[in-house]
Amino acid sequence: MLAVLAATTTPENLSTFSPASPSAESIKGLFILVLAIMGGILLLVEGILVYALVRSRRRANREDAEPPQVYGSKPIEIAWTVAPCIVVFVLVLLVGRVLWEVRPDPDTPPAGAKPLYVTVVGHQWWWEYRYDSYDGRELGITTANELHIPVSAPGQPQRPVYLNLQSADVCHSFWVPRLGGKTDLLPGRSNQMWLQANEPGLFLGQCAEYCGTQHANMLLRVVVESPEDFEKYLAAEAKPAIDPTDKLALADKNAFRSLSCVNCHTIRDKQDTRVNGTFGPDLTHLMARKTLAAGMIENTPENLRKWVFSPNAIKPGCLMAGFELNEKEMNSVIGYLKSLK
Ligand code: CUA
């Protein structure tokens, strides 16, 4: 069964049995070990039970005979008190070892490593990613719902990713099963976790703490790419949102600036800081993302239009309102968003 669960490595594989990160590997090892110990205890206890049932069953030729009655036995009492204590003690040691292995230490990354630091903020119901620094370089990039990280290929410098987890509202939990264990994002404090992907690809996950109506649609996407592609990604994200010579986009931009979208969203622009809301996702390079609504729907022009027109029709309860924009306003908004490459 384990082999079947681990067989596929497609993004749809959310199995903790096919880890692609050292911490996920440790957790898998612990799970299998604990499962084996528990399985052994189950077999032992059930075996004794079945033996006793068969051995002491009522027999046809001895209708009213009772089995021998035993009242208390010191050796047995001692045995079944001491044995569970030993088992629990061993489990505590095993869990302690794995906790030590998966615990993040952002202040002292391994020697020669190129660490990436990202602050993750959970919101109802989407993820905000602030790229703080990579390999000692300050980044200052903010994006949403799609986390890009570099792969740690064998024989190359390690590229651990340290996540500083926070929440803007309620409790959430960051869980990409193939890359690591769950860690909660709690209002008013910062939790730390780390991942290190040893193969490229798309890794999916899911908010793992009930956080309201759309908890089930607070999906995680981690794109693991080669260090070169990751550099390209960082460079593209650091660029201005639109080409300042694009007249059409500039006209749409002015229309966009006059709408209430600016109260919740940011589009980074050194010359123009009007679009600087922080309640909703940063839209600076919206078109570089594959999905909308935190992984719910594909990011296509048609879906974008449907989403802006009525977010609640797609994601009921979502905190973005449809502002009943008229056709002209819609065209400008979609035109401008489509230019945010
Ligand atoms: Cu966020 Cu569940």
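Every condition in (1) open to solvent by 20 Å² or more (accessible area, probe 1.4 Å); (2) farther than 29 Å from Gly317 by Cα holds for Leu186 except the one numbered (2).
The residues in segment 216-228 that are surrounded by fewer than 17 Cβ atoms within 10 Å (Cβ to Cβ), within 15 Å of the ligand (Cβ to nearest atom) and not aliphatic (A, V, I, L, M) can be counted, and the count is 0.
Based on this model, can you work out whether Tyr131 counts as more than 16 Å from the ligand (Cβ to nearest atom), of a type in the set (Phe, Trp, Tyr) and at pLDDT 95 or above?
Considered against the rule, which asks whether it is more than 16 Å from the ligand (Cβ to nearest atom), of a type in the set (Phe, Trp, Tyr) and at pLDDT 95 or above, Tyr131 comes out as yes.
Can you tell me which of (1) part of a loop (DSSP other than H, G, I, E, B); (2) open to solvent by less than 20 Å² (accessible area, probe 1.4 Å) is the one Thr213 doesn't meet? That leaves (2) as the condition not met. For segment 54-65, state whether one or more residues are surrounded by 11 or more Cβ atoms within 10 Å (Cβ to Cβ) and in a loop (DSSP other than H, G, I, E, B). There is at least one residue in segment 54-65 that is surrounded by 11 or more Cβ atoms within 10 Å (Cβ to Cβ) and in a loop (DSSP other than H, G, I, E, B).
Given the condition in a loop (DSSP other than H, G, I, E, B) and open to solvent by less than 30 Å² (accessible area, probe 1.4 Å), answer yes or no: does some residue in segment 118-127 qualify?
Among the residues of segment 118-127, at least one is in a loop (DSSP other than H, G, I, E, B) and open to solvent by less than 30 Å² (accessible area, probe 1.4 Å), which makes the answer yes.
When residues of segment 190-210 are filtered for being part of a loop (DSSP other than H, G, I, E, B), open to solvent by 40 Å² or more (accessible area, probe 1.4 Å) and within 16 Å of the ligand (Cβ to nearest atom), how many remain?
Of all residues in segment 190-210, those part of a loop (DSSP other than H, G, I, E, B) come to 190, 196-200, 207-210.
Next cut, open to solvent by 40 Å² or more (accessible area, probe 1.4 Å) only: 190, 198-200, 209-210.
Now drop any that are not within 16 Å of the ligand (Cβ to nearest atom), which leaves 209-210.
The number of residues fulfilling the criteria is 2.
Here Thr142 clears all of (1) β-branched (Val, Ile, Thr); (2) away from the ligand (no atom under 16 Å from the Cβ); (3) more than 22 Å from Ser226 (Cβ to Cβ); (4) open to solvent by less than 20 Å² (accessible area, probe 1.4 Å) except the condition numbered (4). Picking from residues in segment 154-182 that are more than 12 Å from the ligand (Cβ to nearest atom) and open to solvent by 30 Å² or more (accessible area, probe 1.4 Å), the one that is farthest from the chain's Cα centre (by Cα) is Gly155.
Can you confirm whether Ala236 is under 31 Å from the mean Cα position of the chain (by Cα), surrounded by fewer than 17 Cβ atoms within 10 Å (Cβ to Cβ) and aliphatic (A, V, I, L, M)? So Ala236 fits the description; yes. Screening Pro177 with (1) closer than 26 Å to Ala208 by Cβ; (2) at pLDDT 95 or above gives one miss only, at (2).
The values are calculated or read from the model by the stated rules, or taken from the named source; none is laboratory data. All values reported here derive from a predicted model rather than from experimental measurement. A quick note on method: Cβ atoms are made from the backbone with ideal geometry, for glycine too, and the neighbour counts reach across all protein chains shown. These accessible areas exclude ligands, DNA and RNA; they are computed on the full protein's heavy atoms, side chains included. Shrake-Rupley method; radii C 1.70, N 1.55, O 1.52, S 1.80 Å.
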